[in-house]
Amino acid sequence: FREPMVRAAQELARGRGSPPALQLLLQQPGVDPEVAADGERLGRAIQEAVLNCDTESQDVFRERLLRVVALLSLEEANVRAAQPHFSAEAMKSFLESLVRNRLKAWPAAYAASANVGIELLAR
């Protein structure tokens, strides 16, 4: 697992009732190599993953945020190839708005984990 994934999982694991970080990481499905190798498909997958973070369920949010971080943690060349196919700035703003609005009522660990995704989108 890459460092951002570990960091996000550790933050999520600090939330009340959250599974341990290792369990969160092991439950996360890998990224399809065909998606990772195709900039357009990867860009769509990143955008879809970010937008799917808008959920009422903390459990679902955990899974979906880790998906975002997994996609953004792929090899730098893969993520660069995907950048023309999604708006990193719009996705970053979307996650920031979730942190500002929805995550206020959730454990602080969720906002901290979302910040890992925000940092990756800001690169």
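When residues of the stretch 55-85 are filtered for being modelled with pLDDT of 95 or more, over 13 Å from residue 12 (Cβ atoms) and open to solvent by 20 Å² or more (accessible area, probe 1.4 Å), how many remain?
Going through the stretch 55-85 one residue at a time, the tally reaches 10.
Report yes if residue 117 is in contact (Cβ under 8 Å) with a residue 12 or more places away in the chain, crowded, with 19+ Cβ neighbours inside 10 Å and more than 19 Å from residue 5 (Cβ to Cβ), otherwise no.
No: the conditions fail for residue 117.
Spot the failing condition for residue 49; the list is (1) closer than 16 Å to residue 2 by Cβ; (2) free of Cβ contacts under 8 Å to residues at least 40 places away in the same chain; (3) more than 12 Å from the chain's Cα centre (by Cα), and only one is missed.
Tallying (1) closer than 16 Å to residue 2 by Cβ; (2) free of Cβ contacts under 8 Å to residues at least 40 places away in the same chain; (3) more than 12 Å from the chain's Cα centre (by Cα), residue 49 fails exactly one: (3).
Suppose we keep only residues that are open to solvent by less than 30 Å² (accessible area, probe 1.4 Å) and assigned to a loop (DSSP other than H, G, I, E, B) within the stretch 1-27. Which one would you say is modelled with the highest pLDDT?
That would be 19.
Which pairs do you get when a residue that is among the acidic types (Asp, Glu), found in the stretch 81-92, comes within reach of a residue that is at pLDDT 95 or above, reach meaning Cβ atoms under 8 angstrom, with the pair 6+ apart or on two chains?
89/121
Residue 74 is checked against (1) in contact with a helix residue (DSSP H, G or I) (Cβ under 6 Å, 6 or more places away or on another chain); (2) closer than 22 Å to residue 122 by Cβ; (3) in a helix (DSSP H, G or I) and fails just one. What number does that condition carry?
That leaves (3) as the condition not met.
Sort out which residues of the stretch 93-114 are under 16 Å from residue 10 (Cα atoms) and either without any contact (Cβ under 8 Å) to a residue 12 or more places away in the chain or not in a loop (DSSP other than H, G, I, E, B) (or both), and write them in order of number.
The answer is 108, 109, 110, 111, 112, 113, 114.
From the list 58, 23, 47, which one is within 17 Å of residue 80 (Cβ to Cβ) and not aliphatic (A, V, I, L, M)? First the steps, then the outcome.
Values: 58 fails: within 17 Å of residue 80 (Cβ to Cβ); 23 fails: within 17 Å of residue 80 (Cβ to Cβ).
Selected residue: 47, the only one of 58, 23, 47 that is within 17 Å of residue 80 (Cβ to Cβ) and not aliphatic (A, V, I, L, M).
On the basis of being out of contact with any Pro (no Cβ under 9 Å at 6 or more places or on another chain), open to solvent by 50 Å² or more (accessible area, probe 1.4 Å), outside any loop (DSSP other than H, G, I, E, B) and at pLDDT 95 or above, does residue 41 make the cut?
Answer is yes for this residue.
The values are calculated or read from the model by the stated rules, or taken from the named source; none is laboratory data. In this text, all values refer to a predicted model and were calculated from it rather than measured experimentally. With ideal geometry, Cβ positions are generated from the backbone for all residues, glycine too; neighbour counts draw on all protein chains shown. We work out accessible area using only protein heavy atoms, side chains counted, and drop any ligands, DNA or RNA first. Shrake-Rupley method; radii C 1.70, N 1.55, O 1.52, S 1.80 Å.
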